[in-house]
Amino acid sequence: ENGSLPPGDAAASAPLGGRAGPSGGGGEIQPLPAPHPAAGGQHPGCSSAAAAAPSLLLLDYDGSVLPFLGGLGGGYQKTLVLLTWIPALFIGFSQFSDSFLLDQPNFWCRGAGKGAELAGVTATGRWDSGDVANWTSPPTTPFSTASWGAAGNLSNSSGADGGDTPPLPSPPDKGDNASNCDCHAWDYGIRTGLVQNVVSKWDLVCDNAWKVHIAKFSLLVGLIFGYLITGCIADWVGRRPVLLFSIIFILIFGLTVALSVNVTMFSTLRFFEGFCLAGIILTLYALRIELCPPGKRFMITMVASFVAMAGQFLMPGLAALCRDWQVLQALIICPFLLMLLYWSIFPESLRWLMATQQFESAKKLILHFTQKNCMNPESDIKGVMPELEKELSRRPKKVCIVKVVGTRNLWKNIVVLCVNSLTGYGIHHCFARSMMGHEVKVPLLENFYADYYTVASIALASCLAMCVVVRFLGRRGGLLLFMILTALASLLQLGLLNLIGKYSQHPDSGMSDSVKDKFSITFSIVGMFASHAVGSLSVFFCAEITPTVIRVAVPFHGGV
């Protein structure tokens with residue numbers, strides 16, 4: 001259920017080199033068993049197996065070491081958990097910055113003192129046959145500057161005086177759509193509260209519109225590679241060095257993004273910004289889980305999710321205050337400067353030190369915890385410190401991630417949960433596209449802020465529902481429930497909508513396209529709600545069942 005072992009299984013796992021305390025109070029199977037000789041022996045680069053396992057008392061972190069330190073009740077532990085929540089706000093800003101930096105504004109050709117042709121009123125800049133058929137000639141009365149300014153924030157790509165009266169649009173040639181983009185300069189109506197963004201800065205419209213998708217994709221690809229690489233490094237050298245490395249370089253790359261001179265430089269730097277952001281997300285996630293006993297992990301993780309969502313909800317206001325994309329990018333990154341203090345405040349994960357048998361460093365950290373919590377050494381009823389003294393001469397043992405293949409059931413569970421997270425996050429975007437796509441004609445969803453806050457509100461409702469469901473059904477029950485809801489929403493959207501579309505062709509059926517659109521919106525909302533929960537729960541569940549020595553390298557691989 002949560003990575004813990006019942007008392008009977010805890011004792012049975014001891015011969016395999018697992019750790020489980022006599023109390024059976026939630027120990028994890030930390031050291032992975034060595035692969036079977038028939039499988040090719042030990043993987044090159046992995047450490048050699050120790051001759052004997054250390055004391056089971058020390059390996060039972062949740063049953064002996066954590067209670068000795070006061071669990072989550074210690075004041076120092078609470079402070080550390082709070083320190084893992086605060087950066088979630090900055091992470092929320094960075095994760096959702098693309099919606100503002102790279103939003104496709106409305107744009108039109110800017111004439112040289114005379115009427116010019118309308119380049120486009122959509123992100124594509126092209127008119128379809130319906131637009132041409134429905135176009136009517138504009139009134140002859142000239143528009144005032146104020147009336148155009150009320151339509152949105154206007155950005156002039158060439159820096160011309162914004163006080164000139166904008167030219168009146170005229171319809172494009174019906175037979176030549178390419179003529180809509182035969183311009184050398186454009187005016188922009190940006191919807192996100194900014195006066196200028198990346199698209200209007202470098203005229204990424206018409207033939208250059210594909211560069212916007214590359215720029216958006218670069219941050220995602222950086223996150224993918226960051227999860228894969230920094231996760232493995234954090235399991236090998238520790239969480240704290242990777243966190244510091246990621247903070248330093250996200251400051252360098254993130255601030256340099258604001259100084260980009262072209263879109264190529266912007267996209268390249270965004271890749272590295274995403275890479276470093278993944279390192280921060282991963283290490284904080286692992287540190288948060290490893291500080292807490294199993295019963296408190298889920299709520300501690302959900303609080304961090306709510307803080308990140310607060311960043312998502314605050315982004316429109318931040319963009320309206322900054323007005324320029326370069327200022328917005330710098331303001332998003334600068335708060336990470338505060339995290340440089342974490343090197344002197346935040347210790348290494350004690351659970352990771354114990355799991356990798358670095359008992360000398362673990363002893364120093366335990367003494368640091370007891371000093372910070374003003375604890376009496378005599379409260380060590382189970383004798384953790386005497387056992388620790390006996391193991392100080394033991395050499396550290398780090399485990400290569402490929403050893404998980406040598407387990408019987410663990411690797412199967414990990415693969416299943418990774419596939420679940422991949423499916424959940426993947427289909428979430430499909431549902432969002434279905435709801436916000438052009439096939440659903442809903443006036444409310446044509447507004448940028450309605451789009452943005454609708455998606456954010458669905459994610460917030462999903463997280464609130466997860467808290468309630470997991471409380472009553474547990475991790476597995478909650479995951480199963482949300483997977484069923486996701487599957488039902490997907491099947492109904494595919495099957496029922498096709499059936500409605502078939503009967504809507506009959507005039508006597510009483511069904512119209514508007515009915516189909518309403519059903520599509522409903523199923524999309526339910527699907528987004530449930531699939532978000534599936535992805536989040538799968539990552540969390542995978543992090544719990546994965547041993548500490550490979551915890552950071554595994555859980556996020558499916559979600560990327």
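The values are calculated or read from the model by the stated rules, or taken from the named source; none is laboratory data. Quick caveat: nothing in here was measured; it's all calculated off a predicted structure. Note: areas computed on protein heavy atoms with side chains; ligands, DNA, RNA excluded. Shrake-Rupley method; radii C 1.70, N 1.55, O 1.52, S 1.80 Å.
Between rounded, prolate and oblate, where does the range 313-388 land on the alpha carbon gyration tensor, with a ≥ b ≥ c its root eigenvalues, rounded for a/c under 1.5, else prolate if a/b exceeds b/c? Prolate, since a/c reaches 1.5 and a/b exceeds b/c.
Tell me, what is the per residue accessible area of the range 266-418 in Å², probe radius 1.4 Å?
43 Å²
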